[in-house]
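Notes for the one structure printed next.
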Amino acid sequence: MTFRRFLTRAAAAAAALCSVLAFAACGADRHAGVDGLRHVTFMLSWAPDTNHIGVYVARNKGYYRDAGLDVDIVAVAQSGAEQAVNNGVADFALSNLTNVGVYATKGAQLKQVMQVQQKTSAIWCALASNKAIERPRDFDGRTFATFGSSESDAVVRRMIETDGGKGDFDKVTVGTSTFATLASGRADFGGFYATWEGVQAKMNGPELRCFTEPDYGVPGNADSIGIITSDRLVDDDPELVRAFVQATQRGYRYAYEHGDEAASILVHDAPEANLDEAFVAESMRTIVDGQYWGDRKQIDDGDFVLGSIDYDGTQRYFDFLAESDAYADANGRVVHEAPRSHDLATDEFLAVGAQDAAHNTQ
């Protein structure tokens, strides 16, 4: 598996899709559907996994149909889901607020309208068999398996320095699998997600020795995974955005409460991914047990709305990236001013309150 956070963010430098294609996609009949339903396109951000699971559940359970929507789930475009949404090729996509910020510095006009993941799941690991690495400062002088993003460099450097190291390391670009790169000896450490690759390692090996960002000086929430759309769609058709967001919110809420069933839905409704149901179910258990989507009791009590934007946590991470010279504009020039999370996200389309929360699970 790949470390998808940085793979997708590295794509931010890719060329935009043809403006003619974007214009055609935004025609007046774009959302015309059948049986009185409005057609909506949701684009994956990578291969189907448990980050996407609420969308599959919402479609399977009929939540989108209840909201008057016919949702088509499509594979990620070569240019990336963010570019596809920005150019009107897709209406919604899975991404995260950090990606939105990266693209915004290059001129994109995107908005996160629902943040599913409320805390960082990134883990930075070496093979457990590599006895030379016992803590992050041991990354010094070693080789990092990277996808080439300046963001990942900044994170690794901060972790090393916080642990008393110099922050100096070599890099090798990963092709498809960080696991394979480490096993081959081409690199000594790399990045994974605790909720996916971490589960894979626990179930099938190889055994890893891992470290988390918050424990070693990286501030805020780097993995604000959720639903994005375009500023244009928010302005032109807010009721369509509201309908999609609230139906999707119901899907993620159901998945959070019925993890095994949600895993089965994902496996059977995304056959092209060839997912193992036991593995997906264990990924969901990791998400639920770790409360990655929010405190379950607070959600049940109505004290926290699943899907809420973590404005403070994401802003602290943005500020860290700006201080680390990790942002660049469309011309490759370093941008020193951090994006503002309040400009790039909104909670306004979420269903809120105890009554709405109860409705979301029905």
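The values are calculated or read from the model by the stated rules, or taken from the named source; none is laboratory data. It should be emphasised that the depicted structure is a prediction, and the values quoted were computed from it without experimental measurement. Cβ coordinates were reconstructed from backbone atoms using ideal geometry, including for glycine residues, and neighbour counts include every protein chain displayed. Heavy atoms of the whole protein, side chains included, go into the accessibility calculation; ligands, DNA and RNA do not. Shrake-Rupley method; radii C 1.70, N 1.55, O 1.52, S 1.80 Å.
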Counting heavy atoms of the protein chains only and a 1.4 Å probe, report the per residue accessible area for the chain as a whole number of Å². 40
The chain - percent relative contact order, Cα under 8 Å, separation 6 or more: 25
Mean-square fluctuation check for the chain, GNM, Cα pairs under 10 Å: which of D343, D319, D188 is largest? D343
Projected label distance in nm at E207 and R30, using a 7 Å step from Cα toward the beta-carbon: 5.2
Can you give the angle from 0 to 90° between the axis of helix 311-323 and the longest principal axis of the chain, with both taken from C-alpha atoms, to the nearest 10? 40
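Highest mean first, how do 258-269, 224-235 rank when packing is the count of other Cβ atoms within 10 Å averaged over residues?
Top of the packing list down: 224-235, 258-269.
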Order of 164-177, 124-137, 98-111 by packing, highest average Cβ count within 10 Å first? 98-111, 124-137, 164-177
Round to the nearest 0.05 the FRET efficiency obtained for A75 and K297 when R0 = 45 Å and r is the Cβ-Cβ distance. 0.75
Using label points projected 7 Å from each Cα along Cα→Cβ, tell me how many nm separate T346 and S184, to one decimal. 4.6
Counting Lys and Arg as +1 and Asp and Glu as -1, each charge on the Cβ, what is the dipole of the chain about the Cα centre in debye, to the nearest 20? 680
Angle, helix 277-289 long axis vs. longest principal axis of the chain, Cα atoms, 0 to 90°, nearest 10? 90
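Gain in length, S264 to D140, computed as 0.36 nm per residue apart minus the alpha-carbon separation, to one decimal in nm?
Here the segment from S264 to D140 would lengthen by 40.4 nm.
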Rg ratio (alpha-carbon, reference 2.2 N^0.38 Å) - the range 31-145: 1.42
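Find out how many positive minus negative residues lie around A243, taking Lys and Arg as positive, Asp and Glu as negative, among other residues whose Cβ is under 12 Å from that of A243.
Values: positive: R38, R65, R242, R250; negative: D66, D70, D91, D237, E239.
Taking every other residue near A243 into account, the sum is -1.
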With each pseudo-label sitting 7 Å past Cα toward Cβ, what's the E257-D276 distance in nm, one decimal? 3.1
Do you know the Lys pair count in the chain for C-alpha distances under 28 Å, with sequence separation 8 or more or different chains? 15
To the nearest µm²/s, what D does Stokes-Einstein give for the chain at 25 °C and 0.890 mPa s, using the Kirkwood radius over alpha carbon pairs as Rh? 118
Going by Cα centres, the range 50-109 and the range 223-264 are how many Å apart? 9
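Probe radius 1.4 Å, ligands and nucleic acids ignored: give me the carbon and sulfur share of the accessible area of the chain as a rounded percent.
Values: 6760 of 14510 Å².
Carbon and sulfur atoms account for 47 percent of the accessible area of the chain.
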May I ask for the net charge around A270, where only other residues with Cβ less than 11 Å from the Cβ of A270 are counted and Lys, Arg are +1 while Asp, Glu are -1? -2
Sequence-distant residues sharing a close amide H with A93 (under 5 Å, placed H): M43, I228
Please give the FRET efficiency for S324 paired with D231, using the beta carbon to beta carbon distance and R0 = 41 Å, rounded to the nearest 0.05. 0.90
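Where does the charge balance sit around I73 when Lys and Arg score +1, Asp and Glu -1, over other residues with C-beta under 15 Å from its C-beta?
Computed value for this residue: -3.
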